[in-house]
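I have placed the structure first, in the form of structure tokens, so that the comments after it can refer back to it.
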Amino acid sequence: MSAASTSDSCSSRHFSWLMKSCFPNPHHPSAFSPITITITGADTTTTISCLPDDLLLECLSRVPHSTLPSLPSVCRRWAHLLNSPSFHLFRLRHHTLLHTLFSISISNSALFAAALRFHDPSWKLSSFVPSKDNDFSLFSHFRLVSLGRKMYIIDRAAMLRCDTWTGTLVPKAGMTFPRKKFAAAAVGGRILVAGGCARTSVVEAYDPDENAWRVLSEAPRRRYGCIGASADGVFYVIGGLKIGHEAAGAAHVYASSMDLYDVAAGGWLRSRSVPGGGCVVAACAAGGDVYVLSSHAVELTFWRFSASRKSAGFGEWCRIRSPPLPAQVRLDSTVRFSCVGVGNKVVLVQVVGCIDDLLRRSGRMERGFKEGLVLVYDCGRDEWSRAADLPHMNRRAACVCVEC
């Protein structure tokens, strides 16, 4: 159904289709119990428009995932409900949300997207050619943040919103202060950014309903090349380099520490340092905790930071199993990882460089760690596994998890 034919209400044909989608064949062993609806009175015509929002959301949340992208075109009411936070909560309650890992890379001529679900053996690829409203040349050091099923591609002077159901790209308001290699994360339905700006240390928040940015606070440190994460209402600004002139040794303090901003209270918590003093290589939040990959002189270490503020162990560090990479390898600027929380898993994606090249330059014979390496850490089992390598066209990408 085209957008031009979208109406405000739905016919009984839509109601019949929806009921068949939500309540499958009663003879199937996994089907729900049959439901009988008895209507009395002179008028026995029932349309889906008669259903209250909560009941309609209950039905829509049970629709198969493959059908969801077409639902917003049925009518304006459906489109509004499908974009509401309530629909996300209904799907979360029914365990119908799918965690999908997206990798985005951008050239001057096109945007390349790759999506991976862990029950699938390979990545699914797609590409977008810019329209007159989308200038991809503006996106060179972008960050990715997801809100619901939508991804926000944020660069220093521009921002795009991508709907993962339809693939549509829509320009959105850019940040107030241009930034490069900054921290970004979603907290409470908004996008927060910090660092990456020599002019100011302010933290900004983007409200998708208003399509506007506003200043929240001043960060205690001006960081460059930092990483953003969020857990339990706290915005974490992790690692990076210092901006400006400070006391000797401050650079190391920045690279191995993180600042914590309590969004609800509007204040900063005590900064924390990564044990061992290594430089933060990658970080993310998963399963309610923050995970940090740190590089030392001769090894990589992997840490879990307890981020549940209601827990007595809030703020405690625990060293956990390191990723299965060659021993005594020290990452340099030629190799870069992206760390993404996907449900109760941490996904480590090698988006730049090749570890095999590092080994070759150091005279070592180990091989098998080519470009696009994807490693998956199961937080519950404390186990690492290897997923399908990142497609070649998605090198130098940014990654994010989308609940869609």
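Sorting 378-390, 214-226 by average packing, meaning the other beta carbons within 10 Å per residue, from highest down gives 214-226, 378-390.
Computed from the C-beta positions of residue 53 and residue 296, the FRET efficiency with R₀ = 51 Å rounds to 0.40. A Förster distance of 35 Å, applied to the separation of the beta-carbon atoms of residue 76 and residue 253, puts the FRET efficiency at 0.10. Taking label points 7 Å from Cα along the Cα-to-Cβ direction, residue 137 and residue 120 give a separation of 3.3 nm. Counting 0.36 nm for each residue step from residue 396 to residue 94 and taking away their Cα separation leaves a gain of 105.1 nm. The modelled label-to-label distance for the pair residue 86/residue 157, using points 7 Å beyond Cα in the direction of Cβ, is 4.3 nm. Inter-label distance, residue 320 to residue 308: 1.3 nm, where each label sits 7 Å from its Cα along the C-beta direction. As a calculated quantity, the FRET efficiency between residue 269 and residue 383 at R0 = 30 Å, using C-beta atoms, amounts to about 0.40.
Sorting 126, 140 by accessible area (1.4 Å probe), largest first, what list results?
140, 126
From most to least packed by mean Cβ count within 10 Å, the peptides 227-236, 302-311 give 227-236, 302-311. By a 1.4 Å probe calculation restricted to protein chains, residue 298 has an accessible surface near 90 Å², given to the nearest 10.
The values are calculated or read from the model by the stated rules, or taken from the named source; none is laboratory data. The shown structure was predicted, so the numbers you read here are calculated from the model rather than taken from an experiment. As a convention, Cβ positions derive from the backbone with ideal geometry for all residues, glycine included, and neighbour counts pool all protein chains shown. Remember, those area values only see protein heavy atoms, side chains included, never the ligands or the DNA or RNA. Shrake-Rupley method; radii C 1.70, N 1.55, O 1.52, S 1.80 Å.
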